[in-house]
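Chemist: After the structure tokens below, expect a handful of questions from me.
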């Protein structure tokens, strides 16, 4: 439920996009920049949140983040100037967003070892549910009350739900892993890995940089789609609700991808799932280049949704498989930051390209190339070895 509310609210930015352009008369690059700032700062703060969750647990951190999360959305209703957009959404909301993935997925990784992939898949189904429901809800609220009041209603609801949900989080069943590095976890090649690396050791491993590079490029592609697919759908003639439905379709289908990939991870490992997902992503992006009507765009959303759900399900178990779970929160926070860096850069570049060229065609070529490079990096991933001090 934390994933549904947190990520679901974040992806509604694409639904608000046209309303912000129409009333405030800002460019796509400027409006995209606020989403990018929020995503980048969420990753930066995720490093701190991940480290603190390893030490103090999840409840207090998630409760505090809920306050920032809801406040950022509520303050968006008062936006008049560009600096306010970047302060309210980019910074305040970004701080709140930083805990959503790290807290939920690190807590899951620590609670469940044998069925870590399956349980992560269940948690990420919540993300898909939020991506499916909240864009529709946002479009209805905007049509009924206007975009400013819609932000107030969504923000207040998110604050209450996330703060309440945080109170149900339990301390991990075995905290001894913080001081005992010999944790057994499944490796990428099947047999158990006998060691867990500290965050410092992980950073010194080439596998860390391969994983971060691959994830940066992936999220670069994914955030461009999430932020710009609704404006693109409107550009080719879809109504606002139908355009928002493309985003909701991605969320709905991603639930299937998350659930299936979660089951498969426990059987064949995260690397195989990630490789398969990138291949599906590349196929979907090639189709997107020629998709110029409603049914073609919805078909893209359906195929892309499978890949989208699998990516975000595989990444936390992959960190555990490569590095163990002794410092999972801290290491995962670094990987998340790499992803959010790519996700922050992507929408701004895409918006700027559109502002200059008047078309998303060059953007779609760019993200297809980025996905291919990510595939190449992923193929070289393997369990990290203990680095000697």
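The values are calculated or read from the model by the stated rules, or taken from the named source; none is laboratory data. What you see is a predicted model, and the numbers here were worked out from it, not measured in a lab. Note that each Cβ is placed from the backbone with ideal geometry, even for glycine, and that neighbours are counted across all protein chains shown.
Chemist: Test residue 250 against the stated conditions and say whether it is in contact with a helix residue (DSSP H, G or I) (Cβ under 7 Å, 6 or more places away or on another chain), assigned to a helix (DSSP H, G or I) and surrounded by fewer than 24 Cβ atoms within 10 Å (Cβ to Cβ).
Modeler: So residue 250 fails the test.
Chemist: Of the residues 344, 276, only one is surrounded by 23 or more Cβ atoms within 10 Å (Cβ to Cβ) and in a helix (DSSP H, G or I); which?
Modeler: 344
For every residue, the table says whether it meets (1) touching a helix residue (DSSP H, G or I) at 6+ places or on another chain (Cβ under 8 Å); (2) crowded, with 23+ Cβ neighbours inside 10 Å; (3) closer than 27 Å to residue 198 by Cα.
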{"residue": "55", "(1), (2), (3)": "yes, no, yes"}
{"residue": "105", "(1), (2), (3)": "yes, yes, yes"}
{"residue": "121", "(1), (2), (3)": "yes, yes, yes"}
{"residue": "125", "(1), (2), (3)": "yes, no, no"}
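Chemist: Also, I was wondering about something else. Within region 288-299, can one find any residue that is over 19 Å from the mean Cα position of the chain (by Cα), surrounded by 22 or more Cβ atoms within 10 Å (Cβ to Cβ) and within 20 Å of residue 221 (Cβ to Cβ)?
Modeler: Yes, region 288-299 contains a residue that is over 19 Å from the mean Cα position of the chain (by Cα), surrounded by 22 or more Cβ atoms within 10 Å (Cβ to Cβ) and within 20 Å of residue 221 (Cβ to Cβ).
Chemist: Same structure, new question: Select from region 18-44 the residues that are crowded, with 24+ Cβ neighbours inside 10 Å and either more than 13 Å from the chain's Cα centre (by Cα) or free of Cβ contacts under 8 Å to residues at least 12 places away in the same chain (or both) and list them in ascending order.
Modeler: Matches in region 18-44: 31, 32, 34.
Chemist: Does residue 284 count as part of a helix (DSSP H, G or I), buried (at least 19 other Cβ atoms within 10 Å of the Cβ), without any contact (Cβ under 8 Å) to a residue 40 or more places away in the chain and out of contact with any strand residue (DSSP E or B) (no Cβ under 6 Å at 6 or more places or on another chain)?
Modeler: yes
Chemist: Give region 104-119 a look and list any residue that's assigned to a helix (DSSP H, G or I) and over 22 Å from residue 60 (Cα atoms), or say none.
Modeler: Correct list: 116, 117, 118, 119.
Chemist: Criterion first (over 18 Å from residue 132 (Cα atoms) and touching a strand residue (DSSP E or B) at 6+ places or on another chain (Cβ under 9 Å)) does residue 266 satisfy it?
Modeler: yes
Chemist: What number of residues within region 236-251 satisfy the criterion of being at pLDDT 85 or above and under 18 Å from the mean Cα position of the chain (by Cα)?
Modeler: 3
Chemist: In addition: Does residue 358 satisfy being on the phi > 0 side of the Ramachandran plot, over 18 Å from the mean Cα position of the chain (by Cα) and without any contact (Cβ under 8 Å) to a residue 60 or more places away in the chain?
Modeler: Yes: the conditions hold for residue 358.
Chemist: Let me ask you something else. Yes or no: residue 211 touching a helix residue (DSSP H, G or I) at 6+ places or on another chain (Cβ under 9 Å), closer than 20 Å to residue 321 by Cα and buried (at least 21 other Cβ atoms within 10 Å of the Cβ)?
Modeler: Judged against the criteria, residue 211 is a match.
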